[in-house]
Amino acid sequence: MKTRLPKIYIDTLGCSKNTVDSEAFAAQARANDFIIVDHVEQADTLLINTCGFIDAAKQESIDHILSGVDLKEQGKLDRLMVMGCLSDRYASELKADIPEVDAYFGSSHTSIPEVLNALGGDFKKELLGERSLSTPRHFAYLKISEGCDNPCSFCAIPLMRGGHKSTPMEQLIKEAEMLRAKGVRELIVIGQDTTYYGLDLYGKRCLDELLLRLSDVGFDWIRLLYAYPAKFPSHILPVIRERENICSYIDMPLQHGSTEVLKSMRRGVTRNRLEDLISEIRSEVPGIRLRTTMIVGYPNETREHFEDLVDFIETVKFDRLGCFMYSQEDATTAFPLGDPVPVKEKQRRVRELMAAQEKISLEKNTTLVGTKQRVLIDRIENGTAWGRTIWDAPEVDNEVVLDSAVAGFNLAELKTGSFYTAEITDAEAFDLFGTVLALDE
Ligand code: SF4
């Protein structure tokens, strides 16, 4: 009797690295004639790609697994499978606590062949780098490495994704060319620490070479995320300055601004070093926009340390900033420090830090009112179009809310994934407003 090919819904949680892994799985699954469906209602197999980074993310993953168990108990699913960082880190606990799951697998960057085998398929080596995109067709992530060698005290990622492993440059260029051929216009370069690229494979940090070669592939925008401040490879700065299609933008999570807290976090930098690095980046690439991420409520963070952090962001004035509450993660080197800062106090510090950033963001966004900007349209819904400037990454940064009437563009003419020149007419702290003036392809 011919076995029925699985109809799989992939539920991807966590970071963009998980997104890339799920897309790689989808391409392999399709090559095995498995069917990838867009909604869980259409599926007989649910594959959840989990996140195990911090408490909130772990809870979200568990909630999704339990919803999957409900669907299975209602007879709406034949198979429930779980992979990713949470099941990599807590396999035995999950097996004991939620035995209704048919199979648990490790981190998604290593377990794709196993999952395929469990579904009666096999891994096709010749498809390495092939992806079935889940992002809007005009942008895609390029994961240039996996794992991390940095010793950050609060971070469990190396426990789940292993040590740093750069992907060979030729393979990345092939993958980028494939993405460009699929119509991708914005390539977003990711890894746990993108600035470490090549050191393990080629004995030197060669992100600059990689960016130059990616720039030749023909994308409109190439965006660099997850830079690491310690031993920052300044030789990438001229490449960013000179190549027009490399966004004048760097995402560099700094996690804190107080030297004492940075020391305990084992970040390998001091406040002064960070300020020097940021002014070097800004003088080497005039007009560059910097995004960062901070953690508040770290075990040894006193009120004074926190005020030092606020003073740091008010001094440096980041263009984009996100903030997380410290999450005590077992097996990390910070774990023995406990979690002494009460949740209420952590929440208050998040509010205070984001309130300080809100003022800075509004000040910076207001300077763009009256200017003309090239905007990439991400989506058009309910009579409004949303886009981004070259200084905004998808899903985390500002959006430009566009109306089109003024320039005689009727909204139906606007295309998602196309570039337009827009006049910025108004600004809020975390969004811009504008009018479409012309197509800018
Ligand atoms: S750089 Fe630090 S925070 Fe980032 S993944 Fe590596 S260890 Fe974790």
### Task
Determine which member of the set ARG267, ARG205 is in a loop (DSSP other than H, G, I, E, B), buried (at least 17 other Cβ atoms within 10 Å of the Cβ), without any contact (Cβ under 8 Å) to a residue 60 or more places away in the chain and within 16 Å of the ligand (Cβ to nearest atom).
ARG205
### Message
On the basis of being crowded, with 22+ Cβ neighbours inside 10 Å, touching a residue at least 12 places away in the same chain (Cβ under 8 Å), closer than 22 Å to GLU244 by Cα and within 16 Å of the ligand (Cβ to nearest atom), does LEU214 make the cut?
### Response
no
### Query
When residues of segment 311-335 are filtered for being surrounded by fewer than 18 Cβ atoms within 10 Å (Cβ to Cβ), within 27 Å of ASN398 (Cβ to Cβ) and not small (Gly, Ala, Ser), how many remain?
4
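Mind checking which residues of segment 370-386 are open to solvent by 10 Å² or more (accessible area, probe 1.4 Å) and free of Cβ contacts under 8 Å to residues at least 60 places away in the same chain? Walk me through it before giving the result.
Narrowing segment 370-386 to residues open to solvent by 10 Å² or more (accessible area, probe 1.4 Å): 370-374, 378-384, 386.
Correct list: GLY370, THR371, ILE380, GLU381, ASN382, GLY383, THR384, TRP386.
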#### Entry: Among the residues listed as LEU309, LEU290, LEU353, the single one being under 21 Å from ILE190 (Cβ atoms) and either modelled with pLDDT of 95 or more or of a type in the set (Lys, Arg) (or both)
LEU290
#### Entry: Candidate set: segment 26-44, residues that are among the charged types (D, E, K, R) and out of contact with any Asp or Glu (no Cβ under 6 Å at 6 or more places or on another chain); chosen: the one most open to solvent (accessible area, probe 1.4 Å)
GLU41
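Each row is one residue, and each column tells you yes or no for (1) at pLDDT 95 or above; (2) outside any strand (DSSP E or B); (3) charged (D, E, K, R); (4) not assigned by TED's automatic domain parsing to the domain that holds LEU159.
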position	(1), (2), (3), (4)
THR19	yes, yes, no, yes
ALA56	no, yes, no, yes
ILE65	yes, yes, no, yes
MET81	yes, no, no, yes
ALA96	yes, yes, no, yes
SER108	no, yes, no, yes
### Task
Give the residue, chosen from LEU159, LEU262, that is surrounded by fewer than 19 Cβ atoms within 10 Å (Cβ to Cβ), within 13 Å of the ligand (Cβ to nearest atom) and outside any loop (DSSP other than H, G, I, E, B).
LEU159
### Query
Which of the residues belonging to segment 217-243 are in a loop (DSSP other than H, G, I, E, B), open to solvent by 10 Å² or more (accessible area, probe 1.4 Å), touching a strand residue (DSSP E or B) at 6+ places or on another chain (Cβ under 9 Å) and among the aliphatic types (A, V, I, L, M)?
VAL217, LEU225
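Give the residues of segment 165-202 that are open to solvent by 20 Å² or more (accessible area, probe 1.4 Å) and either within 13 Å of the ligand (Cβ to nearest atom) or within 22 Å of GLU244 (Cα to Cα) (or both), sorted by residue number. Walk me through how you get there before you give the answer.
Restricting attention to segment 165-202, the residues satisfying the condition of being open to solvent by 20 Å² or more (accessible area, probe 1.4 Å) are 165, 167-168, 170-171, 174, 177-178, 180-183, 185, 192, 196, 199-202.
Correct list: LYS165, LYS174, GLU177, MET178, ARG180, ALA181, LYS182, GLY183, ARG185, GLN192, TYR196.
Only one of these is among the hydrophobic types (A, V, I, L, M, F, W, C), buried (at least 22 other Cβ atoms within 10 Å of the Cβ) and farther than 17 Å from GLY120 by Cβ: ILE65, ILE8, ILE54. Name it. Walk me through it before giving the result.
On the way: ILE8 fails: farther than 17 Å from GLY120 by Cβ; ILE54 fails: buried (at least 22 other Cβ atoms within 10 Å of the Cβ).
None of the other options fit; the residue is ILE65.
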### Message
Of the conditions (1) under 25 Å from the mean Cα position of the chain (by Cα); (2) at pLDDT below 95, CYS51 satisfies every one except a single condition; which number is it?
### Response
(2)
### Query
Got a sec? Which of ILE246, ILE250 is touching a residue at least 24 places away in the same chain (Cβ under 8 Å), more than 17 Å from the chain's Cα centre (by Cα) and open to solvent by less than 20 Å² (accessible area, probe 1.4 Å)?
ILE246
#### Entry: Odd one out for SER361, checked against (1) touching a residue at least 60 places away in the same chain (Cβ under 8 Å); (2) open to solvent by 20 Å² or more (accessible area, probe 1.4 Å); (3) under 23 Å from ASP251 (Cβ atoms)
(2)
### Query
With respect to SER153, is the statement that it is within 16 Å of the ligand (Cβ to nearest atom) and not β-branched (Val, Ile, Thr) true?
yes
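The values are calculated or read from the model by the stated rules, or taken from the named source; none is laboratory data. Only a predicted model underlies this, so the values are computations on that prediction, with no experimental measurement involved. Please note: Cβ atoms are built from the backbone with ideal geometry, for glycine as well, and neighbour counts cover all protein chains shown. Side chains are part of the model used for accessible areas, which takes the heavy atoms of the whole protein and leaves out ligands, DNA and RNA. Shrake-Rupley method; radii C 1.70, N 1.55, O 1.52, S 1.80 Å.
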